[in-house]
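*Asks:* Have a look at this one before I ask anything.
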């Protein structure tokens, strides 16, 4: 852990710098796989599944039987946990539905927006070291609430050709039928371009490794929408004298276990808090299973002492963390200073892991400072908001001259003609 | 105009195909300019302004005097037109503000979203053949309503080093102070990376030519947000027996005057309607000033006869037009079939040009079929929606076991620890 005491403002940029990831070298490889799948469809996918995942697949689509088998293996405790999480995620995302509200901007000029589901969406769920069934909840639930007609899920099979059973259980619970055993770049290609088995979609969601990230970046440049640019997961914690140092330590550690490239940052209001949290980290680390990963992340973590609250939040806003925990009894007031963050966790009994799984907020959030311009996933991510307008004859009379003046000033006389020809008819 | 009568469904894809634009050949040139500005700042910008726009600039920032001079040149009629348009655009975008609504997903678990303005945004306003001051209204107004702190405007100067006075008048009206005489790829580079004069921003908005489009695409791959991918402007009209053929013709013509690459498509319910509209196009074209551009676009336009309403809207949804006019007394009912469109214009007295300037809806809309997954610009485009959550002790008791079960099933025991260490403390 690197400790900074009252760092000068000139040093901030360096301190909050994330580890630079250079994906450029992957681009050629990724582009080649994308192209191969675009040209050769299922055949190319099966080839890469064998090459990268060591599995020979006869069928890409997960069959009913495999789902039924998987459902049987899930114990009741986990089922009920998933049920509660689903319920909370549904409640919060349902609250994001927008009613149509008609605005009369001038008399006779009515304007409104209507949210219409993106018809075809693809959800990528990584396998690998942690099977992220929670991500399927976080993407599948808003897609269903939005009313997306075709929801396709791609997730890699293990060496035995099986998909993680909890992922299949969640798919079953959400009544998602189109689950494919496809991972990595091949999955992004299949959903972007379509194959004999997989229908192409209009927008692709979901996390992934660097190859998946680059693949999403490339297809996004080709006009297929993606959820957001991705980077390694991260947390920042603000802790003052009212924090509980062992709680804060547990939060920093939980972020650190995500992967070796995770980023962890603490801003504390006193040296005592820094010391106490550091001691707690050392203690709790001993009993954690992903110790090796965590130690790697901690080596690169930053504990920063900033006594002035405004300065502290200025630094945090400049960092723009994916997750921001405000470990303070005064969190609600302090949170008004938050400008850039993906999701914010207030007070001492709101660990990040609550939001990762079950509070109801979405855990697919902007990393790498993208929170300065991007929001996390919400119901909005699965709809287009189409605008509508209707002018009555009176409405056209009221704004017709305005449109004609402006069109003329922009040199667009056919635009003007579209008004004048109607006005003459009134 | 190419006419298709009751085309077979197998032919639809070919009929609705937009002219393919291959920007790949521009990438290298654009990337070099971006890199040069990134390295050499204002000096590089001035070099390219001379090279591409033929203007030698001493100052990049528009001074107060130039703005004051410009304001004096605008006549009262245009001022009042712009005033009315501003008012309507403000009303509609103000209605998009979201109140904070706290959702208690489980007892003691509170979640909410808060819209927070993107702090720094850049607006690109093209000059060239049509000085799009209306676009400055469409981008500047929601940026101001959102509360963006730094709003930067880049727009090219003419050969005399002057910015279009109406653009400056609108900037003055909106009290935008940071206007720079920078066009093309240089403008995108300046706003993305910053220079001695221009501060870098987090998100870049605005239309542009193919070079600007490619520049935005490249910087978007580098993590700077952009409004949306761009393509040439387009309109589709659905016309039935209750349409007024001369109105429809005027709408098709107004879209066609935008530029040689614009796209125009008509779906009509009878052959008589097709014939009448075609005759009206030929007639009205005679008196339009941008006749040459329009004729080029019309040569590539499609007039399609489809009698069945469901089929007609299926084709229109597959086309996913930027603008969709439903020229029918029955437009409201028909509009329920719209799944993919940027903005929709209902009935016979709602020309597209009303929405281009003054109805209140935004005219920055998804082209090129992107309406399948993208929305047009709205207040949402200028904010991040940050999620917040707060668990009381009771809240943690209510969902703690759920989080622990799920974390364990995903193999993340530090996540579980963050809960258990708190539960023990209750």
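Each reported figure results from applying straightforward, stated rules to the coordinates on display, with no laboratory input. These figures come from a predicted structure and were not determined experimentally. Here the Cβ positions follow ideal geometry from the backbone for every residue, glycine too, while neighbour counts run over all protein chains shown.
*Asks:* Among DSSP beta bridges lying fully in the protein assembly as shown, give the percent that are antiparallel, nearest 5.
*Replies:* 25 percent
*Asks:* Per q in 0.11, 0.13, 0.20 Å⁻¹, report the Debye log10 I(q)/I(0) for region B:59-170, using one uniform scatterer on each alpha carbon and no solvent.
*Replies:* Debye curve over Cα of region B:59-170, log10 I(q)/I(0) at q = 0.11, 0.13, 0.20 Å⁻¹: -0.48, -0.61, -1.16.
*Asks:* Once R0 is set to 41 Å, what does the formula 1/(1 + (r/R0)^6) return for the Cβ-Cβ distance between residue B:333 and residue A:38, expressed as a FRET efficiency to the nearest 0.05?
*Replies:* Details: r = 40 Å, r/R0 = 0.98.
It comes out at approximately 0.55.
*Asks:* Please work out the Cα center distance from region B:132-165 to region B:216-240, rounded to the nearest Å.
*Replies:* Going from one Cα centre to the other spans 19 Å.
*Asks:* Note the per residue figure in Å³ for the convex hull of the C-alpha positions in the protein assembly as shown.
*Replies:* Convex hull volume per residue, Cα atoms: 155 Å³.
*Asks:* Roughly what % of DSSP beta bridges within chain A run antiparallel, to the nearest 5?
*Replies:* 25 percent
*Asks:* Quickly estimate the mean residue ellipticity at 222 nm for chain A, helices only: each DSSP H run with n ≥ 4 gives -39500 (n - 2.57), and the total goes over all residues, rounded to 500.
*Replies:* -14000 deg cm²/dmol
*Asks:* A follow-up question, please. Roughly how crowded by other chains is peptide A:319-329, in terms of the mean Cβ count from those chains within 10 Å of each of its Cβ atoms?
*Replies:* That average works out to 1.
*Asks:* Treating only the Cα positions of region B:23-229 as identical point scatterers, give the base-10 log of I(q)/I(0) from the Debye formula at each q in 0.07, 0.13, 0.16 Å⁻¹.
*Replies:* Evaluating at q = 0.07, 0.13, 0.16 Å⁻¹ gives log10 I(q)/I(0) of -0.24, -0.73, -1.03.
*Asks:* Here's another thing I want to ask about it. Averaged over its residues, how many other protein chain Cβ atoms are within 10 Å of peptide A:132-144's Cβ atoms?
*Replies:* Numbers: counts 2, 3, 6, 1, 0, 1, 0, 0, 0, 0, 0, 0, 0.
What the average comes to for A:132-144 is 1.
*Asks:* Order these by the 10 Å Cβ neighbour count, fewest first: B:174, A:324, B:266.
*Replies:* B:174, B:266, A:324
*Asks:* Right, next: Which order do B:247, A:4 fall in if you start with the one that has the fewest other Cβ atoms within 10 Å?
*Replies:* A:4, B:247
*Asks:* I need the inter-copy label distances for residue A:160: point set 7 Å along Cα to C-beta, values in nm with one decimal, smallest first.
*Replies:* Those label-point separations list as 8.0 nm.
*Asks:* Taking beta carbons within 10 Å but only from partner chains, what does the mean come to for residues A:283-294?
*Replies:* Numbers: counts 0, 4, 1, 0, 3, 5, 6, 5, 1, 0, 1, 1.
Mean partner-chain Cβ count within 10 Å for A:283-294: 2.
*Asks:* Who wins for biggest fluctuation among B:414, B:215, B:312 in a Gaussian network model of chain B, springs between alpha carbons below 10 Å?
*Replies:* In this elastic network of chain B, the residue with the biggest mean-square fluctuation among B:414, B:215, B:312 is B:414.
*Asks:* Cut-off is 10 Å between beta-carbons; in what order do B:84, A:396, A:8 appear when sorted fewest neighbours first?
*Replies:* Neighbour counts put them in this order, fewest first: A:8, B:84, A:396.
*Asks:* So if R0 is 35 Å, what FRET efficiency would residue B:310 and residue A:426 give, r being the distance between their Cβ atoms, rounded to the nearest 0.05?
*Replies:* Efficiency, rounded to the nearest 0.05: 0.60.
*Asks:* Still on this structure, I have one more. Restricting the count to DSSP beta bridges whose residues both fall in region B:31-188, what percent are antiparallel, rounded to a multiple of 5?
*Replies:* Percent antiparallel among DSSP bridges in region B:31-188 is about 35.
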